[in-house]
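Inspection log for the structure reproduced underneath, given as structure tokens.
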Amino acid sequence: MPCLVLRLHLILLLSGAVSGNSVQSIEPDMSVTEGNAVTLSCSYSTSYSGVSLQWYRQSPNQAPQYILQRGAKGSTISDHADFALTRFTSETNATATVLIIKDLELADRAVYYCALNETQ
Ligand SMILES: *[C@@H]1O[C@H](CO)[C@@H](O)[C@H](O)[C@H]1NC(C)=O
């Protein structure tokens, strides 16, 4: 089975200049095998009271693609892109979010981004 490298980068989506928010990758680079599953993790801290933890990915020469989002700290947002319904899941709590991809395909080779967004 071919090996894929998934690269995890972190961005913070903020509507204004607000301090007290950060996101951090737990493991920046993952080498994984087609057909297997992988868990990508981001830890975060925020001064916001409702947040959404969003995952995006960008494949070479393509625009960034939204995958899914999960609310935390009082927000119950839960949403998936259509392509992500069956193989992508996320678990999010007050300090971290994980993206689990199963049955990895070569097309999953991308830079993955987690993003923190204020919801209220
Ligand atoms: C939040 O999720 C992360 C990643 O799964 C885990 O390591 C951590 O223990 C969890 N924290 C709490 C408070 O449940």
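For Thr89, are the conditions met, namely being open to solvent by 70 Å² or more (accessible area, probe 1.4 Å) and β-branched (Val, Ile, Thr)? The answer is no for Thr89.
In this structure, does Ile67 turn out to be away from the ligand (no atom under 16 Å from the Cβ), within 14 Å of the chain's Cα centre (by Cα) and of a type in the set (Val, Ile, Thr)? Yes. For Thr46, the requirement of being in contact (Cβ under 8 Å) with a residue 60 or more places away in the chain, within 16 Å of the ligand (Cβ to nearest atom), surrounded by 14 or more Cβ atoms within 10 Å (Cβ to Cβ) and over 13 Å from the mean Cα position of the chain (by Cα) is met. Of the listed requirements (1) within 14 Å of the ligand (Cβ to nearest atom); (2) of a type in the set (S, T, N, Q); (3) open to solvent by less than 60 Å² (accessible area, probe 1.4 Å), Asn117 misses just one: (1).
For the stretch 97-112, check the following and say yes or no: at least one residue is open to solvent by 10 Å² or more (accessible area, probe 1.4 Å), within 16 Å of the ligand (Cβ to nearest atom) and modelled with pLDDT of 90 or more. Scanning the stretch 97-112, I find at least one residue that is open to solvent by 10 Å² or more (accessible area, probe 1.4 Å), within 16 Å of the ligand (Cβ to nearest atom) and modelled with pLDDT of 90 or more, so the answer is yes. Annotation note: of Thr95, Thr39, the sole residue that is under 12 Å from the mean Cα position of the chain (by Cα) and of a type outside the set (Asp, Glu) is Thr39.
The values are calculated or read from the model by the stated rules, or taken from the named source; none is laboratory data. Just so it is clear, the model here is predicted, and its values are computed rather than measured. Here the Cβ is made from the backbone with ideal geometry for all residues, glycine too, and neighbour counts use every protein chain on show. Only protein heavy atoms, including side chains, enter the accessible area calculation; ligands, DNA and RNA are left aside. Shrake-Rupley method; radii C 1.70, N 1.55, O 1.52, S 1.80 Å.
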